[in-house]
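Asker: Can you keep this structure in mind? I'll have questions shortly.
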Protein chains: 2
Amino acid sequence: MRIERLAIIGVGLIGGSLAAALRRQGLVGEVIGCGRDEANLIKGVELGVLDRYTFDPAVAARHADMVVVAVTLGATDAIFEKIAPVLGAQAVLTDVGSTKGGLVTRARTRLGPQFPRFVPGHPIAGGERSGVAAARADLYQNHRVILTPVPETAPDALARVREMWEATGAQVASMDPAHHDEVLAATSHLPHMLAYALVDCLAGLGEGGGAIFDYAAGGFRDFTRIASSNPDMWRDIALENGPAIEALCARFEATLGGLRAAIRTQDGAALERLFAHAKQARDAWLERRAREGDAGPR
Amino acid sequence: MRIERLAIIGVGLIGGSLAAALRRQGLVGEVIGCGRDEANLIKGVELGVLDRYTFDPAVAARHADMVVVAVTLGATDAIFEKIAPVLGAQAVLTDVGSTKGGLVTRARTRLGPQFPRFVPGHPIAGGERSGVAAARADLYQNHRVILTPVPETAPDALARVREMWEATGAQVASMDPAHHDEVLAATSHLPHMLAYALVDCLAGLGEGGGAIFDYAAGGFRDFTRIASSNPDMWRDIALENGPAIEALCARFEATLGGLRAAIRTQDGAALERLFAHAKQARDAWLERRAREGDAGPR
């Protein structure tokens, strides 16, 4: 596994951390960054994450053997159109988008004959901080990366992308794009919708001005942390993965309805059963994670 | 402010941390613990949090000038009945329950002539760990404590409890019991219901056995942390503060319904507005907290 020229289109936390990780492993020759914020790109060069930069995705992608598109979902299609004409026959293209179904379908048209060189991907990592200054070579250590190849995807391209992510310390899984979108709707998209809806709902309560939050403690802070995520990015995800999120919302509302009914009828046994079941499921998940070497906070 | 004999009925994280904080300030003579788990009580003595212990709440409360009931909500009424006959005329009684309205109403009957000596209280602090071994003298530093006195509450008793909590570094606020229950329904009880409902809902998905959680990341872990809370304790809270929680659930479902409609109609502007509003409210709250000296993680 070696990349001679790596193009990172969109040099933020995700793209920057990937470049930093590969560089640390000595697996990459030259790294070219592409973005719109020159201060951020200069920072990337200063930090040693990039060797040089350009504002033009086509310039970045030309002669690169690995092109990673790490822009927001809504901007990905336009980037694909710009780089399709210059992508080398043996080059590999991948992305990091949080939803895959619609993106893959559109890529088939936009990339045309280059489509088999595209390996759709999604590293399940991130943070509230953004920009290349937040990049960390160990961001992907023990994190999952999901690849969603389709029948047309070239096996050598898939293997290259898998090796690239494994070199960062990530655990790489494969599944089809629709399944990915259902899984992520459950573990990421629905929780974000609930956190945003809760904070939005409470911000309008009582004395107004969010005074009610002054009595919130650590549990609330943790529960709502994801409501401090980037609104643009989440608008794109909600639009793109709408049907899967909608279906899960309906399922969630049914569970919440059952919980409300138990409160209304003062059914303590049903409440305890539901709470205990949830606690058990979460605690079992944490134990599996701990065994896999994730040493993060609980 | 000095307590000659402090009785802690229920020596867990909350009661133990209070005793430890007062002891560190040199404000307490003797601390008597009362509980059912002898190993935990022995631990309390070993840690220097308690001077001695008993299994009988009446024995603990007799001759104490400050009695703190820190048992679970469902066990509080029975404790009040046991200590009412032995509570000294100048003694002060307080509790730490997470809901106040029903508890105060029942205390009026159960405590009878001693009711004015009872100052209902609620320290907004805690953690997933429990037992006296988790107690920390600094647990209440910069945390809120809400007292919910009623017209009968003796002013000197109220002043004593306020001074006691202020001595631990807490910020003490007063409000009526019903308002407390509405505020806590919003900032604590509803979030717990949502976290429990989400994990419960997802645990039954897909391949079953919670396999879907394996693709969850840090955001999910934070969002669902409170679903690892004690099911017994939360059953009691849900039963006790049912109407306020129910009312907020309805409000939350209306907000979530609006969000779902925006997803269904692909209304990106409405989604972005809702997400940005929530982010702004949360970030403003974090800034206020930071100014108040809370240095915890964001």
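Asker: Give, rounded to the nearest 20 debye, the magnitude of the charge dipole that the protein assembly as shown has about its Cα centre when Lys and Arg contribute +1 at Cβ and Asp and Glu contribute -1 at Cβ. Working shown, then result.
Answerer: On the way: 64 positive and 70 negative charges, 92 e Å.
Result for the protein assembly as shown is approximately 440 debye, rounded to the nearest 20.
Asker: Going 7 Å from the Cα of residue B:1 toward and past its Cβ, which residues in the range B:23-62 have a backbone nitrogen under 20 Å from where you end up?
Answerer: The answer is B:23-32, B:49-50.
Asker: Taking the radius of gyration and the Kirkwood hydrodynamic radius from Cα positions alone, what is the Rg/Rh ratio for the range A:3-175, to two decimal places? Walk me through the numbers on the way to the answer.
Answerer: Details: Rg = 14.2 Å, Rh = 15.5 Å.
Reported Rg/Rh (Cα atoms, Kirkwood Rh): 0.92.
Asker: While we're here: Please compute P(r) over all alpha-carbon pairs of chain B, binned at 10 Å starting from zero, and give each bin as a whole-number percent.
Answerer: Result, from short to long distances: 6, 24, 32, 21, 11, 5, 1 percent.
Asker: Now for a separate question. Grab the alpha carbons of the range B:179-266, take their convex hull, and tell me the volume per residue in Å³. Don't skip to the end; give the middle numbers.
Answerer: On the way: hull volume 10.9 nm³, N = 88.
In the range B:179-266, the Cα convex hull volume per residue is 123 Å³.
Asker: Tell me, in nm to one decimal, what length is gained between residue B:108 and residue B:25 on full extension, where the rule is 0.36 nm per residue of separation less the Cα-Cα distance?
Answerer: Values: separation 83, 0.36 × 83 = 29.88 nm, distance 3.27 nm.
Difference between extended and current length: 26.6 nm.
Asker: As an exercise, identify the GluC sites (Glu not before Pro) in the range A:94-197 lying in DSSP coil whose Cβ has no more than 12 other Cβ atoms within 10 Å. The partial results should precede the final answer.
Answerer: On the way: sites: A:128, A:152, A:163, A:166, A:182; in loops: A:128, A:152.
Taking the range A:94-197 and a limit of 12 other Cβ atoms within 10 Å, the loop GluC sites (Glu not before Pro) found are A:152.
Asker: What angle, in degrees between 0 and 90 and rounded to the nearest 10, separates the Cα long axis of helix A:231-240 from the longest principal axis of the Cα atoms of chain A?
Answerer: 90
Asker: What's the whole-number percent of alpha carbon pairs in the range A:175-230 lying beyond 14 angstrom?
Answerer: On the way: 949 of 1540 pairs.
Counting every Cα pair in the range A:175-230, those more than 14 Å apart make up 62 percent.
Asker: Treat the range B:99-155 as a sphere of radius equal to its Kirkwood radius over Cα pairs and apply Stokes-Einstein at 20 °C in a medium of 1.002 mPa s; give the translational diffusion coefficient in µm²/s, rounded to a whole number.
Answerer: It comes out at roughly 162 µm²/s.
Asker: In µm²/s, what is D for the range B:128-230 at 37 °C and 0.692 mPa s, where D = kT/(6 pi eta Rh) by Stokes-Einstein and Rh is the Kirkwood radius from Cα pairs? Write down the numbers at each step before the final one.
Answerer: Numbers: Rh = 16.9 Å.
My calculation gives 194 µm²/s for D.
Asker: When a footprinting reagent is the concern and you count Cβ atoms within 10 Å, what order do A:150, A:28 take, fewest first?
Answerer: Values: A:150 17, A:28 23.
Least to most surrounded, the residues fall as A:150, A:28.
Asker: With the radius of gyration and the Kirkwood radius both derived from the Cα set of the protein assembly as shown, what is their ratio Rg to Rh?
Answerer: Working: Rg = 27.6 Å, Rh = 26.1 Å.
Reported Rg/Rh (Cα atoms, Kirkwood Rh): 1.05.
Asker: Taking the axis that carries chain A onto chain B, what is the nearest Cβ in chain A, and at how many Å, to the whole number?
Answerer: Its Cβ sits closest to the axis: A:222, 2.
Asker: Rounded to the nearest 5, what % of the DSSP beta bridges within the protein assembly as shown are antiparallel ones?
Answerer: Working: 6 of 52 bridges.
Restricted to the protein assembly as shown, the bridges split so that about 10 percent are antiparallel.
Asker: May I ask you to list the trypsin sites (Lys or Arg not before Pro) in the range A:25-113 that are in a DSSP loop and have at most 15 other Cβ atoms within 10 Å of their Cβ? Intermediate values should be presented prior to the final figure.
Answerer: Numbers: sites: A:36, A:43, A:52, A:62, A:82, A:100, A:106, A:108, A:110; in loops: A:36, A:62, A:100.
Filter output for the range A:25-113: A:36.
Asker: Within 11 Å, Cβ to Cβ, of residue B:200, how many net charges do the neighbouring residues add up to if Lys/Arg are +1 and Asp/Glu are -1?
Answerer: Numbers: positive: A:251, A:273, A:279, A:282; negative: none.
Net of charged neighbours comes to +4.
Read-outs: derived from the displayed coordinates by stated rules, not from any lab. For clarity, every value in this text was computed on a predicted model and none was experimentally measured. Using ideal geometry, Cβ is built from the backbone for each residue, glycine included, and neighbour counts are taken over all protein chains shown.
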